[in-house]
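Colleague: Below is the structure I would like to discuss, written out as structure tokens.
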Amino acid sequence: MAAASDHQVAASAASVSSMDSQRDIVLAVANPIEPPSTHAGSSLLGYAPPGYYGAGQRAASALTDLKQSYGLRQVAGWPIKALGVYCVVLEIPPGVVRDDMLKKLAKDSRVQLAQPLQDYAVYADATQDTHHYNDPYVNLQRGFVQTDAALAQTVSQGDGVHVAIVDTGVDTAHPDLQGRIHDTHNLVDDDATAFNHDHHGTEVAGIIAADADNHQGIVGIAPKAELSIYKACWYATTPGSGAHCNSFTLAKALAAIIDTNARIINLSLGGPADPLLDKLLTQLLDQGRIVVAALPPNGDLGGFPDNAPGVIVVRMSGASSASPDILSAPGEDILTTQPGGRYDFTSGSSMAAAHVSGIVALLLSLAPKLDAHTVHQLLLQSSKVSNGTLQVNAAAALTALHSKMKSSP
């Protein structure tokens, strides 16, 4: 299992916990990659001073001048190759109103983007013949049973499909996740212990791809899918508080996914609209990625990531009314994996989104070229009533796909 541990992660991860979403800003400057220098001691990116790992001379010079001109202090920096920029989190001077500073920076020709550092949260509460699995808790899996996943898995188990999970860390040693996690990336800090003790990401990973027929716990919706874990969210030290992310850590995760072959991106989180994140998400969607997002608990759309056209938004079945384009999936009292090799019940639209990501993996395993619009329509049109609620159904979705494939020329 690979882990992200390069200099870029180390240079910025240590500062994430000190970032202040009420005061800090995110700023980006152009970062063209310059030809290698022939001078002794120089790097491929020129004489970038310390603190600017991955920045070319132009970006480093612009940032140095900007910090001096406006009295800004750099908290962390990160190159975003896909956008051709170098991005930094900056602390503004005491007594300065953040909106006033952003207005000034927006008028500066050296600045490509200037915005607040924003906070995001995961969406989970605090607390025909089918195959007969030997996993002892499979019959307690509300979502697995209600979506007819066992029947669907007689046709597809998600083989060959790569799912990127942007979330907290995941218990990589969990018996039900062995062989399912291909690589991990900690974009928050260097704390491997915390990574493996994170709840939310472990819960989401188990719903999507917990192993089947291993005499352990539960079965994922797509138990042969391959997972990549991007830790962009972390738990505050306050007891009982949920996991949070910010613009900077999420941008690093999305930028990293751009260079992979992941077809599905699970985002069981959300918050305000964000220009930087929107740019990266648009690029991923343009590449043909299928992005599955959780509906915010208040049901309001318009933030990240649910505001981007093409994102598949999922709510918890039985929740308040929503747009007819929003999918419904099981999300209440869902039994799934927990850190330390354990299992427990959890609720939230985060879990509903994970069910849909798993079903999408089943579909893509049979038809790898499916696009997001077609997937969305298949899931909408094949949804069935279960316990009085219309929600996605894995078996019906695969049947609909089979019919579509037969009728296609």
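The values are calculated or read from the model by the stated rules, or taken from the named source; none is laboratory data. None of these values were measured; they are calculated from a predicted model. Virtual Cβ from ideal backbone geometry, glycine too; neighbours counted across all protein chains shown. All accessible areas refer to the heavy atoms of the entire protein, side chains included, with ligands and DNA or RNA removed. Shrake-Rupley method; radii C 1.70, N 1.55, O 1.52, S 1.80 Å.
Colleague: Give the label of the value calculated from the structure for semi-axes √(5λ) of the Cα gyration tensor in Å, choosing from (i) 36, 29, 21; (ii) 69, 27, 21; (iii) 39, 21, 21.
Modeller: (iii)
Colleague: If you build the Cα gyration tensor of region 349-403 and take the root of 5 times each eigenvalue, what three semi-axes come out, in whole angstrom, biggest first?
Modeller: Numbers: eigenvalues 66, 35, 16 Å².
After diagonalising the Cα gyration tensor, the semi-axes are 18, 13, 9 Å.
Colleague: Using +1 on the beta carbon of Lys and Arg, -1 on that of Asp and Glu, and nothing else charged, what's the dipole of the chain about the Cα centre, debye to 20?
Modeller: Working: 24 positive and 38 negative charges, 210 e Å.
Using only the charged Cβ atoms, the result is roughly 1020 debye.
Colleague: Could you sort ASP286, ASP99, ASP189 by their accessible area in this structure, using a 1.4 Å probe and putting the largest first?
Modeller: Details: ASP286 125, ASP99 90, ASP189 40 Å².
These residues rank, largest area first, as ASP286, ASP99, ASP189.
Colleague: Give me the net charge for the shell around LEU390: Cβ to Cβ below 12 angstrom, other residues only, Lys and Arg +1, Asp and Glu -1.
Modeller: Details: positive: ARG315, LYS384; negative: none.
After counting each charged neighbour, the total is +2.
Colleague: Also: Projected onto the charge dipole of the chain (+1 at Lys/Arg Cβ, -1 at Asp/Glu Cβ, origin at the Cα centre), which of LEU364, TYR53, SER228 gives the Cα projection farthest towards the positive end?
Modeller: Of the candidates, TYR53 comes out farthest on the positive side.
Colleague: Turning to a different aspect of this structure: So what's the projected area for region 217-304, the Cα convex hull averaged over all directions, in nm²?
Modeller: Details: hull surface 30.2 nm².
Average projection, Cα convex hull of region 217-304: 7.6 nm².
Colleague: How do GLU332, GLU203 stack up against each other in accessible area, from largest to smallest, with a 1.4 angstrom probe? Could you put the intermediate results ahead of the total?
Modeller: Working: GLU332 100, GLU203 15 Å².
Heavy-atom accessible area, descending, gives GLU332, GLU203.
Colleague: Moving on to the next point. Rounded to the nearest 0.05, what FRET efficiency is calculated for LEU140 and ASP183 with R0 set to 22 Å and r the Cβ-Cβ distance? Walk me through the numbers on the way to the answer.
Modeller: Working: r = 30 Å, r/R0 = 1.38.
Approximately 0.15, to the nearest 0.05.
Colleague: For the chain, which cysteines have no second Cys with its Cβ under 4.7 Å from theirs?
Modeller: Lone cysteines by the Cβ rule: CYS87.
Colleague: Let me have the 222 nm mean residue ellipticity of the chain computed from DSSP H runs of 4+ only, each contributing -39500 (n - 2.57), with the sum over all residues rounded to the nearest 500.
Modeller: Counting only the DSSP helices, I get -9000 deg cm²/dmol.
Colleague: Once ligands and nucleic acids are excluded and a 1.4 Å probe is used, how much of ASP119 is accessible, expressed in Å² to the nearest 10?
Modeller: 60 Å²
Colleague: Give me, ordered by chain and number, the residues 5 or more places off THR337 or on other chains with an amide H under 5 Å from its own placed amide H.
Modeller: Result for THR337 returns GLY206, ILE207.
Colleague: To check you understand DSSP bridge types, tell me what percent of the beta bridges within the chain (both residues inside) are antiparallel, rounded to 5.
Modeller: Values: 35 of 62 bridges.
Approximately 55 percent, going by the DSSP bridge assignments.
Colleague: Leaving out ligands and nucleic acids, note down the accessible area per residue over the chain with a 1.4 angstrom probe, in whole Å². Before the final figure, lay out the partial values.
Modeller: Working: 17010 Å² over 409 residues.
About 42 Å² of surface per residue is accessible.
Colleague: Related question: Among ALA353, GLN283, ALA262, pick out the residue whose Cα is farthest towards the positive end of the charge dipole of region 239-374, where Lys and Arg carry +1 and Asp and Glu carry -1 on C-beta, about the Cα centre.
Modeller: The one lying farthest along the dipole's positive direction is ALA262.
Colleague: What order, most packed first, do the peptides 59-70, 147-158 have when packing is the mean number of other Cβ atoms within 10 Å of each residue? Numbers along the way, then the final one.
Modeller: On the way: 59-70: 18.3, 147-158: 22.5.
For the peptides 59-70, 147-158, the packing ranking is 147-158, 59-70.
Colleague: Any idea what diffusion coefficient region 143-208 gets from Stokes-Einstein, in µm²/s, Kirkwood Rh on alpha carbon pairs, 20 °C, 1.002 mPa s?
Modeller: Values: Rh = 13.3 Å.
The estimated diffusion coefficient comes to 161 µm²/s.
Colleague: Which percent of Cα pairs goes in each bin when the distances of region 269-384 are cut into 5 angstrom slices starting at zero?
Modeller: Bin by bin from 0 Å, the calculated values are 2, 11, 21, 22, 20, 14, 8, 2.
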